[in-house]
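K.L.:
Take a look at the following structure, please.
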């Protein structure tokens, strides 16, 4: 997938920052423990000298270069094992003096043998989704913004359970979390709780795409007909979490139904969670969407039925 220059730059800067930070931590730990434990300093010196000795052996090009390199390697391995034993004896983890890279596969370079590492790909997707969200008109909220004071009786009990479930969902979110369907009349807090989940999950470092279904479809349509070079559909099928607000508000056509199906079906196939909110009852959704879409929503989503009175109207009347 192609990304714009700003997305690449942000990802590269993050990778570089991770690498430099890991190296700084490594050097600081080496210095501190070498000062504190003289015997550890000697072993550290052996390890640090091994690389220069190996380079010298290669440059000298002697007949026994291969044997020298093997000997240096064995000596270095012995020194590393000695260091681990000393660290454990001093009360540290055996790998405490290893460079604490965020990604051990590529050592925070972003590449493995010239191919982009998955950690780099994840950053590209994350930052691309963030840019996608820039056009979202929905303000992200906190769970504390959701008040149960507007509910009473059994409605209050149900909404308290839904609030708790949403909090737990956000707190324990993973890429294998369940998909949710928020159903209920307008003004019951579906968008607020969706945005609170989005804000919480995003703060944990996951990529979260959040907008109205109309907003997303408008972008997909523009890209499909060549009016934009972005790739919203790809981002919506790869983001860690996608939240489609106000399903049913979009203009219905064969194109929009196909796009919605592609998003839902691909994310289900990839076992990625999606949250959908709608003002329609499930019976009304059956009348509006084709069976392929309905079967996915019915079989793969946990349905949360919101209840109560229109909070926006209550607030307006209380002024």
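K.L.:
Would you confirm whether or not the range 201-209 contains a residue that is over 15 Å from residue 125 (Cβ atoms), surrounded by fewer than 22 Cβ atoms within 10 Å (Cβ to Cβ), assigned by TED's automatic domain parsing to the domain that holds residue 143 and within 25 Å of the chain's Cα centre (by Cα)? So that I can check it myself, show each step before the final result.
P.N.:
We begin by selecting, within the range 201-209, every residue over 15 Å from residue 125 (Cβ atoms); these are 203-204.
Those left that are additionally surrounded by fewer than 22 Cβ atoms within 10 Å (Cβ to Cβ): 203-204.
Then drop every residue that is not assigned by TED's automatic domain parsing to the domain that holds residue 143, which leaves 203-204.
Applying the additional criterion that residues be within 25 Å of the chain's Cα centre (by Cα) yields 203-204.
Yes, the range 201-209 contains a residue that is over 15 Å from residue 125 (Cβ atoms), surrounded by fewer than 22 Cβ atoms within 10 Å (Cβ to Cβ), assigned by TED's automatic domain parsing to the domain that holds residue 143 and within 25 Å of the chain's Cα centre (by Cα).
K.L.:
Further question: Would you check which residues across the range 167-192 are over 21 Å from residue 298 (Cα atoms) and without any contact (Cβ under 8 Å) to a residue 60 or more places away in the chain and list them?
P.N.:
Scanning the range 167-192 gives 167, 168, 170, 171, 172, 174, 192.
K.L.:
A further question follows. Can you tell me which residue in the range 241-254 is nearest to the chain's Cα centre (by Cα), limited to those that are more than 20 Å from residue 282 (Cα to Cα) and either at pLDDT 95 or above or not assigned by TED's automatic domain parsing to the domain that holds residue 287 (or both)? Working first, answer last.
P.N.:
Here is the first cut: in the range 241-254, the residues more than 20 Å from residue 282 (Cα to Cα) are 241-242, 254.
In the following step, the residues that additionally are either at pLDDT 95 or above or not assigned by TED's automatic domain parsing to the domain that holds residue 287 (or both) were identified as 241-242.
Working: 241: 8, 242: 11 Å.
Looking at residues that are more than 20 Å from residue 282 (Cα to Cα) and either at pLDDT 95 or above or not assigned by TED's automatic domain parsing to the domain that holds residue 287 (or both), I get 241.
K.L.:
Still on this structure: Residue check: is residue 114 assigned by TED's automatic domain parsing to the domain that holds residue 29, surrounded by fewer than 20 Cβ atoms within 10 Å (Cβ to Cβ) and on the phi > 0 side of the Ramachandran plot?
P.N.:
Values: assigned by TED's automatic domain parsing to the domain that holds residue 29: yes; surrounded by fewer than 20 Cβ atoms within 10 Å (Cβ to Cβ): yes; on the phi > 0 side of the Ramachandran plot: yes.
Against the criterion (assigned by TED's automatic domain parsing to the domain that holds residue 29, surrounded by fewer than 20 Cβ atoms within 10 Å (Cβ to Cβ) and on the phi > 0 side of the Ramachandran plot), residue 114 qualifies.
K.L.:
From the list 107, 84, 71, pick out the single residue that is modelled with pLDDT of 75 or more and outside any helix (DSSP H, G or I). Explain how you work it out, then say what you get.
P.N.:
Numbers: 84 fails: outside any helix (DSSP H, G or I); 71 fails: outside any helix (DSSP H, G or I).
Just one listed residue meets the conditions, 107.
K.L.:
Within the range 222-319, which strands (runs of 3 or more DSSP E) (wholly inside it) include 3 or more residues that are in contact (Cβ under 8 Å) with a residue 12 or more places away in the chain and surrounded by fewer than 20 Cβ atoms within 10 Å (Cβ to Cβ)?
P.N.:
Details: elements: 241-247, 274-278, 301-305.
So the answer is 301-305.
K.L.:
Has the range 116-135 got any residue that is part of a helix (DSSP H, G or I), under 17 Å from the mean Cα position of the chain (by Cα) and without any contact (Cβ under 8 Å) to a residue 40 or more places away in the chain?
P.N.:
Within the range 116-135, the subset part of a helix (DSSP H, G or I) is 118-133.
Then keep just the ones that are under 17 Å from the mean Cα position of the chain (by Cα); that gives 118-133.
Next cut, without any contact (Cβ under 8 Å) to a residue 40 or more places away in the chain only: 118, 121.
Scanning the range 116-135 turns up at least one residue that is part of a helix (DSSP H, G or I), under 17 Å from the mean Cα position of the chain (by Cα) and without any contact (Cβ under 8 Å) to a residue 40 or more places away in the chain.
K.L.:
If you go through the range 150-201 one residue at a time, how many are in a helix (DSSP H, G or I) and closer than 14 Å to residue 273 by Cα? Outline the logic, then answer.
P.N.:
Narrowing the range 150-201 to residues in a helix (DSSP H, G or I): 150, 153-171, 190-201.
Remaining after also requiring closer than 14 Å to residue 273 by Cα: 166, 169-170, 194, 197-198, 201.
Here the count works out to 7.
The values are calculated or read from the model by the stated rules, or taken from the named source; none is laboratory data. All values reported here derive from a predicted model rather than from experimental measurement. Cβ atoms come from the backbone with ideal geometry, glycine included; neighbour counts cover every protein chain shown.
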